[in-house]
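The structure appears right after this line, and notes come after that.
The values are calculated or read from the model by the stated rules, or taken from the named source; none is laboratory data. Everything numeric here is computed off the predicted structure, so don't read it as measured data. Every residue, glycine among them, receives a Cβ derived from its backbone with ideal geometry; neighbour counts consider all protein chains shown. Remember, those area values only see protein heavy atoms, side chains included, never the ligands or the DNA or RNA. Shrake-Rupley method; radii C 1.70, N 1.55, O 1.52, S 1.80 Å.
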Amino acid sequence: MGWLSAGDGYEVALVEGRVAARATSGRAAGRQLKSLPRALKDHPEVDRLRRFAQWLDRHAAACVAQVDAWMVSSLPVPTGLLVRVWPDEAWQLALRDLVVVGDDPDEVGFLRGATESGELRIVNLDGETVRLSPRMVTLPHPVLLPDLDDLREFAAELGIVQRVEQIHRATWRRPDDLDARATQVRDFTGGSFRSRFALAARATSLGYRVSGGYATARVRDGERTVEAAVWIGEPYWDDEVSTGNLTWQDRDGRDLLLRGVGPVAWSEGMRMAAALYAGRVIEEGKDA
């Protein structure tokens, strides 16, 4: 965005997401000022730029949230859609360097670009830039990536930083020796918080939904949607509270057997429980 006239002697523009001003006359002509002059603080052009900056922030957050939803659910995404949104900087920042997989499971690499002709440019594990043009691609949840360790190592070599947490996302794999009748995980129970409000606030700040006495995460896992839930205490309880068991329910609210929980739902449920538990009060002198 270029510089816009804002009254006598000044121009304004968005610079790195903030309204900046520069003088158009005098010794400082053409030089960006360190702060916004008082005379411009209520100028209509400045107000318009501020509101535009707020919209850009909301748009960027929405792009990240949408891409994160695609990744967590490993939903197929039309290649044409990625090509269409790629010129938008916010979409590009959210998508760039995510691991994508084409029609062939061996067509895997870090997304680096999209062409007007409908192709995606990726860097594969051999370090080669190749072009893919499948009708659909997936941005897999990391627990579904068989070469996750290799991808992490290669990403470190390339200095890749993902805007949407994918390859460095904490993952858990379901044990094979679970009791056939078990429906609860107790690994993260007993995390003490000074109040139910504090625990609920932590859940909300981490992006989880609080419903009744539970913090929940809804996850699409394969062909079905399940909800992971951690007990966080009665809604109107004001005293000290502790994290409870982790369970998974189907769309009808029925508890699932642990052996029936899919890999993505298991990993995301454990990730939520671990994140809540990590915020517990640790008394001095006791082990963390």
Relative contact order for the chain: what percent, with Cα pairs under 8 Å and sequence separation of 6 or more? 13
What order do you get for 179-186, 108-115 when each peptide is scored by the mean count of other beta carbon atoms within 10 Å, highest first? 108-115, 179-186
Two-site FRET efficiency, TRP55 against ARG18, from Cβ-Cβ distance with R₀ of 25 Å, rounded to 0.05: 0.95
Mind telling me which of ARG163, ARG202, ARG31 comes out most flexible in a GNM of the chain, alpha-carbon contacts under 10 Å? ARG31
Using each residue's phi in segment 190-203, evaluate 6.51 cos²θ - 1.76 cosθ + 1.60 at θ = phi - 60° and report the 3J(HN,Hα) Karplus result to the nearest Hz, with x for Gly and Pro. x, x, 8, 10, 5, 7, 5, 4, 5, 5, 5, 5, 5, 4
In segment 198-288, the chymotrypsin sites (Phe, Trp or Tyr not before Pro) that sit in a DSSP loop and have at most 14 other Cβ atoms within 10 Å of their own Cβ are TYR236, TRP237
Where labels lie 7 Å past Cα in the beta-carbon direction, separation of ARG31 and ARG186 in nm: 7.0
Can you send over the carbon and sulfur percentage of the accessible area for the chain, probe radius 1.4 Å, protein chains only? 46
Along the Cα→Cβ direction, 7 angstrom out, place labels at SER117 and ALA62. What is the inter-label distance in nm? 3.3
Calculated from backbone phi, Karplus (6.51, -1.76, 1.60) coupling profile of segment 4-11 in Hz, x at Gly/Pro: 10, 5, 9, x, 6, x, 9, 10
On a 0 to 90° scale, report how tilted helix 263-277 is relative to the longest principal axis of the chain, with both axes built from alpha carbons and the result rounded to the nearest 10. 80
Over segment 164-288, what relative contact order in percent results from Cα pairs under 8 Å that are six or more residues apart? 34
Leaving out ligands and nucleic acids, and using a 1.4 Å probe, what accessible area per residue does the chain come to in Å²? 58
Based on Cβ point charges of +1 for Lys and Arg and -1 for Asp and Glu, what charge dipole magnitude is obtained for segment 12-142 about its Cα centre, in debye rounded to the nearest 20? 1260
